[in-house]
1. Calculated from DSSP H runs of 4 or more alone, at -39500 (n - 2.57) each and per residue, what is the 222 nm mean residue ellipticity of chain A, nearest 500?
2. With each pseudo-label sitting 7 Å past Cα toward Cβ, what's the C:T189-C:R159 distance in nm, one decimal?
3. Specify the residue with the greatest mean-square fluctuation among C:H50, C:H92, C:H126, computed from a Gaussian network of chain C linking alpha-carbon atoms under 10 Å apart.
4. Normalising by the residue count of the stretch D:1-145, find the relative contact order in percent from Cα pairs under 8 Å and 6+ residues apart.
5. Using 17 Å as the cut-off for backbone N distance, which residues of the stretch D:124-141 belong to the label zone defined by a point 7 Å from the Cα of D:W92 along Cα→Cβ?
6. Relative to the longest principal axis of the C-alpha atoms of chain D, give the angle of the C-alpha long axis of helix D:28-52, reported between 0 and 90° and rounded to the nearest 10°.
7. If you take every residue apart from C:G208 with its C-beta less than 10 Å away from the C-beta of C:G208, what net charge results, scoring Lys and Arg +1 and Asp and Glu -1?
8. Where does chain C land on the Kirkwood hydrodynamic radius, alpha-carbon pairs, in angstrom?
Amino acid sequence: MTAVTHVLPYLVAVWIFLIGCYGLATSRNLIHAVGCLSVCQAATYVLLLAVGYRDGATAPVFSDVEPGSRPVVDPVVQALALTDVVVGATVTALLLALVVQVAKRHGTVDPDELSELRG
Amino acid sequence: MADAVIIVALLLVAAAATTAVLVRDPVRQALVLAVLGVLLAVLFTTLQAPDVGLSQLAVGSALTPLLLLLTVRKVRRRGRKEGPRR
Amino acid sequence: MNRRIRLWLVAVAGTALAALLVAACLDLPDFGGDRHPYGDRAVDASLARHTANTVASVNFDQRAFDTLGELTVLFAAVVGCVVLLRQTRDEHRARPEPEPVARPVRRYALAVLPVALLTGLYVIAHGQLSPGGGFQGGVVAATALHLLYLGADYRALERVRPLGLYEAGDAVAVSAYLVTGLAGLIGATAFLANTLLPYGTFNTLSSGGTVPLLNAAVGMEVACAVVVLLARFLDQAVEIEDPTGKGSGTP
Amino acid sequence: MNGWILAATVALGAGAGATLWGVATGPLRRRVVAQNLSTALACLVLLLLAQGYDRPSYVDLALVLALLGPVGTLVFARLLADDLAEDPPRAWGPTYLVVGAGAAVVTALCVATGPSRASAKLLVVGALLIGGNVVASRALSGGFSGLRRG
């Protein structure tokens with residue numbers, strides 16, 4: 001059982017990324033596609049934090065723990081994942097604004113119908 | 001034994017992500033994305049990353065669903081105006 | 001390139017990518033391993049600068065320049081949304097009538113609003129001590145403000161949220177971050193270097209040199225950015241009508 | 001083996017699994033109630049994990065979730081008022097479940113931490129969680145009359 005847990009988090013991150021790409025490619029609604037993109041982005045959080053984990057360690061926040069008394073997890077990947085989450089939200093907002101513009105101009109949000117409409 | 005909670009959280013996040021993709025209607029997907037955000041926050045806490053869990057909670061619980069549903073409302077109003085498209 | 005060919009291409013490329021990714025995962029060091037060279041050095045650097053929350057120290061002290069880049073991404077996304085979702089000439093704005101909200105829901109929204117706002121400010125202020133920081137606190141505070149829309153109606157929110165103030169606040173916060181960085185430059189060290197202020201005693205509000213200042217600047221910027229973003233989306237969904245005027249006034 | 005983490009694992013596996021099934025299938029009204037239930041359960045799991053890992057600073061996460069969980073449900077109740085109008089969800093069953101479970105978990109934690117500022121904070125989180133869920137299920141079952149007004 002422990003052999004699987006050594007690689008399970010990475011495999012889960014890969015699975016979430018691939019299922020997100022599948023959803024993105026086969027989506028029939030641009031809003032649904034933006035949701036699939038945020039699923040893809042969730043895969044990066046899982047991979048980043050899985051890389052930084054240390055067995056039996058705690059968070060590198062010393063407000064309620066004596067520094068050096070307990071092993072700590074890697075803070076650098078946490079800083080990366082943290083800004084990734086917030087940027088992901090604002091990029092999702094920008095993409096949704098684009099979807100609103102597409103709906104205004106072409107009256108539809110189905111990507112297949114869009115490719116037929118010229119201009 | 002602390003790994004057990006990590007494994008359960010990982011499997012739940014994988015299931016929630018798969019559900020979020022397979023649900024095709026944007027409104028229902030917004031609901032599943034909200035649940036995915038909460039499960040991600042719990043997974044980050046088990047991976048000892050409270051800061052990232054806090055930002056995922058703040059973003060995923062109220063901001064992303066609000067943006068998605070407002071876009072659906074704006075697009076649906078236009079779609080209904082030109083009559084049933086599909 | 002019709003849909004069927006595209007799906008077939010996705011299937012082939014997807015399986016190839018999956019095989020490569022799984023092979024890569026099998027070669028990664030084991031999950032939960034003990035070798036974290038960067039992490040250990042980051043913790044030592046953060047403790048040397050008396051910053052209790054190492055993640056905040058990494059974000060605002062050791063990698064402050066990257067956070068500046070991330071701030072510009074946030075700012076650019078907000079400007080993009082403001083441009084994309086503006087009210088075009090042929091659209092007109094309809095006054096949203098007040099929405100009949102159940103009494104307990106309205107009372108809950110008005111009661112929780114100050115608590116959530118206070119929690120957001122608490123999360124920003126304790127950014128360099130306990131879990132939290134500018135990013136999380138800013139989003140919590142901005143979401144709290146929109147309880148007015150959720151509990152009452154859009155007019156109540158518009159009365160308390162002068163949009164120009166928040167757009168100016170967004171710009172002021174980003175420039176405050178820059179000025180703090182330039183102060184490091186003027187102090188004859190380096191841009192955004194944390195050598196300006198004394199590091200203070202460990203685990204107190206004023207510890208960590210410039211980390212609390214940058215934290216507050218980012219908190220204000222994220223809060224204003226989210227308010228402006230949501231304002232544009234709410235305007236589109238609630239107020240702005242299309243030239244033909246149909247579909248008007250939905251809540 | 002830490003009893004708190006075991007309780008959190010069981011609550012996560014059973015509770016979150018059920019809410020994920022509830023939000024993935026069934027009519028819209030059941031999905032919205034399942035989403036509301038998932039935030040409440042996750043808040044309890046976060047409280048148990050904070051106690052299990054012996055890190056009082058993790059309670060901030062449960063505090064923010066107890067605040068923003070019901071706000072998320074208000075978002076869904078407000079913006080889906082039209083879709084929910086003809087088939088309003090009856091959310092009182094899960095709400096009583098949450099109130100019961102929440103009260104049990106918070107009292108157990110307060111007993112474990114003893115009378116101090118930390119247990120006062122736990123009581124605040126418990127009160128916010130239970131109050132928020134009662135109001136959220138009230139909002140779901142007809143808080144917004146869904147009339148076509150701004």
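Please treat every number below as a calculation from the coordinates, not as lab data. Model, not experiment: these values are computed from the prediction. Glycine gets a Cβ as well: all are built from the backbone with ideal geometry, and neighbour counts include every protein chain shown.
1. -23500 deg cm²/dmol
2. Result for the modelled spin labels: 4.9 nm.
3. C:H92
4. Numbers: 160 pairs, mean separation 41.6, N = 145.
Relative contact order comes out at 29 percent.
5. Those under the cut-off are D:133-141.
6. Taking Cα atoms only, the helix is inclined about 10 degrees.
7. Working: positive: C:R49; negative: C:D61.
For residues surrounding C:G208, the net value is 0.
8. 21.6
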